[in-house]
1. So I have [x] 28, 18, 16; [y] 29, 21, 16; [z] 32, 25, 15, and one of them is semi-axes √(5λ) of the Cα gyration tensor in Å calculated from this model. Which one is it?
2. For the chain, what is the relative contact order in percent, using Cα pairs closer than 8 Å and at least 6 residues apart in sequence?
3. Given Cα pairs under 8 Å that are at least 6 residues apart, what percent is the relative contact order of the range 86-175?
4. Given the DSSP H assignment, sum -39500 (n - 2.57) over each helix run of at least 4 residues in the chain and divide by its residue total; what's the result at 222 nm in deg cm²/dmol, nearest 500?
5. Could you tell me which residue out of Val60, Pro36, Gly12 lies farthest along the dipole of the range 1-137 toward its positive end? Charges go on the beta carbon: Lys and Arg +1, Asp and Glu -1, centred on the Cα centre.
6. Just to confirm, what accessible area per residue do you get for the range 23-150 at 1.4 Å probe, in whole Å²?
7. Report, to the nearest 10°, how far helix 61-77 tilts away from the longest principal axis of the Cα atoms in the chain, using its own Cα long axis and a range of 0 to 90°.
8. In the P(r) worked out for the range 160-213, what percent of Cα pairs fall beyond 13 Å?
Amino acid sequence: MNVDLVVLDIAGTTVQEHGLVYRALADTVEAAGGTPADVGRWMGADKHEAISSMLGRSDVDTEFADFHVRLRKLYAETPPTPLPGVPEAVAQLRSAGVKVALTTGFDRPVVDGLLDVLGWREDVLDAVVCVDDVPAGRPAPYMVFRAMELCGARDVRRVLTAGDTVRDLEAGTNAGAGYVVGVLSGSQTAEELGAVRHTHLLPSVASLPTLLA
């Protein structure tokens, strides 16, 4: 394989979380007196930034804490699960010597809870980068660069990024990744993903080993 590192989004790309994060976002904003009509615009983005923008103010720590509470409740009621074929694809890539990292617009407390539910805390991934680990979330490329740093990848041309949102593709392009892959396992369509720069569109992350073989 001519790739050293695969960088994958979480929700809608590797994990089926049933759109609950956007439900929690919408409910949080609505409870704070805002209008969550454009919540879909924040797919793949920093959730603190999303709440701040939808409410039109920067002091949203209380609302962000409320978002955490709502999301934990929703995840307890409907636990997230790996998308079909993803664990097998990740294991196949790693067995071929490719490092695999997750990046996400979630902050560390949310991600730690997700990894516990999935059983992915140990021996499944090489790195996990959260939005609060870097100066700015997608479409900035910093989470990709942080994943490279953690995994010892030196050549961005030998990095593959994959995600189910336009912001995922924009981040991969902004990082200069050799492969920028859109996957159709989330809520955005081929037409939406195809409207921004990319190298491939695939049904899901399960197709990556075949692409790279």
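1. Here the calculated entry is [x].
2. Numbers: 398 pairs, mean separation 54.3, N = 213.
Contact order relative to length: 25 percent.
3. Numbers: 105 pairs, mean separation 23.3, N = 90.
Contact order relative to length: 26 percent.
4. Helices in the chain give a 222 nm mean residue ellipticity of -12000 deg cm²/dmol.
5. Gly12
6. On the way: 6000 Å² over 128 residues.
Counting only protein heavy atoms, the per-residue value for the range 23-150 is 47 Å².
7. Between helix and principal axis, roughly 70 degrees.
8. Every Cα pair in the range 160-213 considered, those over 13 Å come to 48 percent.
The values are calculated or read from the model by the stated rules, or taken from the named source; none is laboratory data. A quick note: this is a predicted structure, and the numbers were derived from the prediction, not measured. Positions of Cβ are generated from backbone atoms using ideal geometry, with glycine treated the same way; all protein chains shown enter the neighbour counts. Just the protein is used for accessible areas: all its heavy atoms, side chains included, with ligands, DNA and RNA removed. Shrake-Rupley method; radii C 1.70, N 1.55, O 1.52, S 1.80 Å.
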